[in-house]
Structure formats: C-alpha cells, structure tokens
Amino acid sequence: MATAPATPLRDQDRAAAARLSGNWLTLGTEGLLTAYAPADGAVLRWTETPSGWGAVERIDAPGLLPVLSVAQGADGYVHLIGLRRTDTGTDKQHVELVHAVQFQTGRPLLGWRSLGHSNKIGPWTGDPATAVDGEGRLCVFTRNGGTGVSLRIQGATGGWGNWQDLGDTGTTHLAAATDADGRVELFVPNGKAIRWFTQEKPGAPFKLAERLETRAAAPGAFSAIATTSGTVSLFFTDEDGVIQVWAPSRGMAPRPLMKAAGDGPLALSRLTIDGHDCTVLAQEADQGQVSFAAYPAEDEEAGGWWTHTQTGAGRTPLALQKRDGSGLIAMALSSTGEPIVSRQKTEAGGFALGSWKPLR
C-alpha cells in the first residue's frame, strides 16, 4: 500500500497553515472515490456517487487545526489524524493529535478521539505520518519535542498503546508504508543518515533494522511504497537533486532513478501499463506545474522521464489513486481549495494523462 508523501516539517509557530498528507484521495470497496482536506475547525470532504461528485461537505470538529493526515487500510477503512488545540490554562499553543475513522464511503466519521501528545503536553512538533498494517491497526508517527520520533499503535480491538520513543535527534521528514506481509516500515532521516525501522509481525514493536549513511535533501521527495515483490521502497531526493530509491530488502545500496522535477513532496502509485507492473511518480515541478513519470517497478536502471502538465494552481498537495477500468486518477487542490483532477487516457494505451479539470 502506498503512502502519499510525508512533507517537510515546519517551525512550530506555523501550525495554523493548512497542511495535508497521506492517502487523502481514497477508493472505497464499492469503487467510489473520496477526497479530504483540512480546514480551521473542520474537515472538508468530497464524495463521489454513481452519478458523479457531490458538493463539498464541511464536517465540523471544534478546535481542529488545518493539519490532516489520511491513511486507508486493506479493509477500506479511512483513518484521519488531525491536530487539535488544547486548553491548558496557559498562553502557550498546546496541541494534541486526534483520530477519526470512516468505515464506508459517504458515511459519518466515528470520533474524534484524543491520542494526546508525544511529550504529554506541548506545542506542535511536526506533521504526522500514518500507515495501516495488514490487520487494520493504524500506526501514527510524529517528530517529538526532542526532534526524535515517537509513535502510537492502535490495538487489535480499537484501543491504543502508549507512546513509544524511537530515539535519535534531528528528524526532518518521515515516511511509512505497509509491505505485502502487513508489516509497517518506517524511514527516518536526521540530516546525516536514514534509519529504517521494521516489525517482526503486524502490531509488534518497531526496531531499527538498518541505517543508510546518506543525506536526504529537505525539502524534497521522501515517500515510500510497496512494489511488485511486496517489499517497500523509499524514494528520496539527494543533495544533487537526484531521486534515489532505497529498498533495504532488495539491497543496501540506494539506486539512482532520475533528476527530481522539483523540490516538492512526491506522490506514488502502482499501475499496470501495457501489461507491465509500473511505479508512477508525481511531483510539483513549479507552481502550477505537475510532472509525471512511470517506470517498470523495481527496475531503477531503466530510469524515468518526466511529462509536465499545467494545473493553473499554485503550490498544491498531490494525490494518486488507481481504479480498475479507469486507470490512474491524479488530484490536486487549486489555490481556492477546490479539487482538480487529471485522468489517465486508458484508450490511448501507454501512460498519458488528460488535462486538469474541476470535479464538476
């Protein structure tokens, strides 16, 4: 299961700026899409119906900051992780992470439930990264007050374990993905190296498995996805602006793929193109320009080439989703906060995307 990009962490005093990460364009078990976006005190939701897209819904959540991470499990359940202000009786901007879940397309959210703060009490410390394991447990990772990484894991019956501290300092990005065996893998750079954490089985504690002595550029690509063999690959931008692919289960050396299109987050997806299992990349090349590339999965030596498209929007989060029968759907949020979409031209063969259009 792919995860959309974990975006570069911001200074604490910018927590009010709208932020969106994770798989925020989801596909329900009935084949219908849903898109989510953060707002001050609410979540915005666009739901597809058999006859087309419905109007935007504002799902109020008092105290919610416009910071949202979305993850979806193999069971189709959609998990939302938000950031909420807490009243501590002080003038400091204390916050807590909160969790809500949607079990079926278009249905109400169940929650919000407080997950607290990795330091018990404190200000914003970093955008969360999320992934769902093979048994439906949500794993939530965030930078803590010591600039290390903390996590909470949802229990099999819906409760939550305690916060765990994975240590280290200098954390910048976070990326997580679930492998074919249902285990979540976590990648954490600190400016000098990238650490790789794994589980022995779904729900088990995270342990440091390997450490890659390299520097990941920030801002830049830092996203993970399970590819054709079921192993997880990390895509990151190095200091020379090249996207490198590190798949520890396939070898300890990172593999250069191609020059990054820009310095923004990277959206990833798997897609069958002309009968071949491929990895698709999307990255903002410039304000209003989104670039796409595809290459045979796990064959980094084949390289990739960018195709540029114009969205007409400024800086925008990106999401990719594939649907049987209609290929790849790319979505971005325009400068007005409205979703725009580009759809694969499946009738043309190969990999080509149409122009960007509003939902309706």
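Here are some notes:
- Normalising the average separation of contacting C-alpha pairs (under 8 angstrom, six or more residues apart) by the number of residues puts the relative contact order of region 220-289 at 26 percent.
- Inter-site label distance for Asp40 and Gln93 at 7 Å from Cα along Cβ, in nm: 1.2 nm
- For a modelled paramagnetic label at Glu301, 7 Å from Cα along Cα-to-Cβ, the residues of region 254-290 in reach, with backbone nitrogen under 20 Å, are 254-259, 276-279.
- Tyr36, Tyr77 arranged by Cβ crowding within 10 Å, fewest neighbours leading: Tyr77, Tyr36
- Fewest neighbouring Cβ atoms within 10 Å first, the residues Val56, Val132 line up as Val56, Val132.
- Taking the number of Cβ atoms within 10 Å of each Cβ as an exposure proxy, the fewest-first ranking of Val188, Val149, Val101 is Val101, Val149, Val188.
- The calculated P(r) of region 14-131, using every Cα pair and 10 Å bins from 0, goes 14, 47, 28, 9, 2, 0 in percent.
- Region 12-358 - percent relative contact order, Cα under 8 Å, separation 6 or more: 8 percent
- In range of the label at Glu338: residues from region 266-298 whose backbone nitrogen is under 14 Å from the point 7 Å along Cα→Cβ: none
- Dimensions in Å of region 301-360 - Rg and Dmax from alpha carbons: 12.5, 40
- Pairs of alpha carbons in region 201-360 separated by more than 22 Å make up 43% of all such pairs.
- Rg and Dmax of region 133-275, based on Cα coordinates, read 15.2, 48 Å.
- Label-point gap, in nm, between Ser229 and Gln289 - each point 7 angstrom along Cα→Cβ: 3.5 nm
- Using a simple spin-label model with pseudo-atoms 7 Å out from Cα toward Cβ, Leu110 and Thr49 lie 2.5 nm apart.
- Note on the chain: Rg/Rh from Cα positions, Kirkwood definition for Rh, rounded to two decimals, is 0.93.
- Net lengthening on full extension, Ile121/Lys345 (0.36 nm per residue, minus Cα-Cα): 75.7 nm
- Cβ-defined net charge surrounding Gly134, 15 Å radius [Lys, Arg +1; Asp, Glu -1]: -4
Every number in this text was worked out from the coordinates using simple rules, so none of it is lab data. Owing to the predicted nature of the structure, the values given are computational and were not obtained by experimental measurement. So basically every Cβ, Gly included, is an ideal-geometry build from the backbone, and we count neighbours across all protein chains shown.
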